[in-house]
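The values are calculated or read from the model by the stated rules, or taken from the named source; none is laboratory data. Since we're looking at a predicted model, the values are computed, not measured. With ideal geometry, Cβ positions are generated from the backbone for all residues, glycine too; neighbour counts draw on all protein chains shown. These accessible areas exclude ligands, DNA and RNA; they are computed on the full protein's heavy atoms, side chains included. Shrake-Rupley method; radii C 1.70, N 1.55, O 1.52, S 1.80 Å.
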Amino acid sequence: MKIAKLIAIISISFIVMACGNKTTTNSTQAAPQQTYEWKLVTSWPKNFPGLGRAPETFAEYVERMSAGRLKIKVYGAGQVVPGFEVFDAVSNGTAQMGHAGSYYWKGKASASQIFTAIPFGMNAQEFNGWLHYGGGMELWRELYAPFNLIPFAGGNTGVQMAGWFKKEINSIDDLKGLKMRIPGLGGEVLKKVGGIPVALTGGELFTSLQSGAIDATEWVGPYNDLAFGLHKAADYYYYSGWHEPGAALEFTVNKQAYEALPEDLQAIIEVATRAVNQDMLDEYTAANNNAMQALKDTHGVDMRPLPDDVIKALRDATVEVMKEQSDADATFAKVYRSYLDFQNNVSQYHQISEQEYYKNRSNE
Ligand code: CA
C-alpha cells in the first residue's frame, strides 16, 4: 500500500474519532477503544546501536501515532527467545512481532536470503526501490505466507565493511581454510573460494574472534563494530562489504494478530515500518563516519581495500553460487529473477547519475 493512502486512512480515522467525540459530548460517553499489548522479539542485544534501536523507535512511533492504543514491548535476543528463533516465535504467536535479518531463515525458505542482501547486488537505495515499487514486497509476502507471517521492511545498514581479519589478505589463497563468521549468500561465496563460513549471532562475535575459534568476522560497519570492540580482537579491517552492499532488516508480524487489528492500527504499523526503514539508514549514514575516524585515529586500526583480484574471484564465485541456488529452488530463482531484472535496469540510470556524480564530486 502506498504511503499517501496509508496516511489518508490514519487521518480519516482521527477525523472520525474527533467527530465522534464532539457528537457524544452531551450524551453518553463513547466506549473506550480497545487497546492492544504486543511483544516484539529481536535477534539483537537489547538497545544495540542501529539494529537494536530500530525496533525501539518503531514501538515509540506506534504508541504515539495510536495514542497508546497499541503498545509494543521490545525484547532483546534471549529475553523471550534466542536470536535465531525469532521467526518461529512470531509464526507460532509466542510474540506478535519480530525484528531480525531475513537471511537467518534460509533453512525455512532459501529465497529469504535475497531479502537481506545479495553479494555484489543492489545498495540500500536500489533495494528499497525494488521492494516498494518493483514487485519485491509482493514476492516477500508470498514467500512468508505459508509461515503465517507478514514481512515489512525493517531498516538498512547501507554498504557494510568486508570485516575483521586476524591476518592479511593478499590473494584469494589467503581465504582458503579461513574460518569466518559470514551469514547468508556471502557465506556460500566464501565456501566456493575455499573458506569456511560460520554462523554466529552478534553477541558471540568478540569472544569467538578473540579466542581464535574463528579467524575473521564480518558484522556491519564502523558504528556497530566499534560498539562490539572488534578492533581489540583482530588487526586488519577490510573494505568494502562486497557481500552486503545494502543489508536490509525485516519486521515480521503474526498474521492473526495483524488481522485482529482495526484498519487504522494496521496502517500505523505499515507507516511506522516505512519510517524506521529510512531512519536506520539515516542513523548509519551519520554515525559510520564518526566511528571510522575513531577507529583510525584513536585506536590506530589498519583499514585496507581487498585486493582487486580477490574481489574479482569473489564476484566470479557469486555468479556460480547464484546459479546453483536458483537451480536448487524454483522460488529462489523466481525472486532472484525479479531482483536481477530490477538491478540491471536501475544500474543503467545509476551509472550516469549516482556513480557519475560521486566521481564528479571527488576532489581527486
Ligand atoms: Ca553483516
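Quick notes on this structure:
- Every listed requirement among (1) under 17 Å from the mean Cα position of the chain (by Cα); (2) crowded, with 22+ Cβ neighbours inside 10 Å is met by Gln96 save one, (1).
- The residue pairs whose first member lies in the stretch 108-125 and is more than 11 Å from Ala247 (Cβ to Cβ) and open to solvent by 10 Å² or more (accessible area, probe 1.4 Å), whose second member is within 14 Å of the ligand (Cβ to nearest atom) and assigned to a loop (DSSP other than H, G, I, E, B), and whose beta carbons are closer than 8 Å, counting only pairs six or more residues apart or on different chains, are Phe120/Trp242; Phe120/Pro245; Gln125/Gly246.
- Candidate set from the stretch 147-182 (those that are assigned to a loop (DSSP other than H, G, I, E, B) and surrounded by 20 or more Cβ atoms within 10 Å (Cβ to Cβ)); member that is farthest from the ligand (Cβ to nearest atom): Leu178
- Members of the stretch 256-284 that are of a type in the set (Ser, Thr, Tyr) and under 20 Å from Asn47 (Cβ atoms): Thr273, Tyr284
- Every test in (1) touching a residue at least 12 places away in the same chain (Cβ under 8 Å); (2) over 24 Å from Gln266 (Cα atoms) is passed by Lys191 save one, and that test is (1).
- Strands (runs of 3 or more DSSP E) (entirely within the stretch 207-316) containing at least 2 residues that are closer than 20 Å to Gly177 by Cα and within 14 Å of the ligand (Cβ to nearest atom): 236-239
- Applying the set (1) touching a helix residue (DSSP H, G or I) at 6+ places or on another chain (Cβ under 7 Å); (2) open to solvent by 10 Å² or more (accessible area, probe 1.4 Å); (3) of a type in the set (A, V, I, L, M); (4) farther than 30 Å from Asn170 by Cα to Ala260 leaves exactly one unmet item: (1).
- Residue that is farthest from Thr217 (Cα to Cα), among those in the stretch 183-199 that are among the small types (Gly, Ala, Ser) and either open to solvent by 30 Å² or more (accessible area, probe 1.4 Å) or more than 14 Å from the ligand (Cβ to nearest atom) (or both): Gly194
- Every test in (1) under 16 Å from the mean Cα position of the chain (by Cα); (2) in a helix (DSSP H, G or I) is passed by Ala59 save one, and that test is (1).
- Within the stretch 322-341, the residues that satisfy the criterion of being surrounded by 20 or more Cβ atoms within 10 Å (Cβ to Cβ) and either without any contact (Cβ under 8 Å) to a residue 60 or more places away in the chain or of a type in the set (A, V, I, L, M, F, W, C) (or both) are Met322, Phe332, Val335.
- When Thr273 is tested against (1) among the polar types (S, T, N, Q); (2) buried (at least 16 other Cβ atoms within 10 Å of the Cβ); (3) farther than 22 Å from Ala124 by Cα, only condition (3) is not met.
- Restricting the stretch 227-248 to residues that are open to solvent by 50 Å² or more (accessible area, probe 1.4 Å) and out of contact with any Lys or Arg (no Cβ under 8 Å at 6 or more places or on another chain), the residue that is modelled with the highest pLDDT: Lys232
Conditions tested, residue by residue: (1) open to solvent by less than 70 Å² (accessible area, probe 1.4 Å); (2) at pLDDT below 95; (3) within 25 Å of the chain's Cα centre (by Cα).
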residue	(1), (2), (3)
Glu283	yes, yes, yes
Asn288	yes, no, yes
Met292	yes, no, yes
Leu295	yes, no, yes
Leu306	yes, no, yes
Ala317	yes, no, yes
Gln343	yes, no, yes
Gln355	no, yes, yes
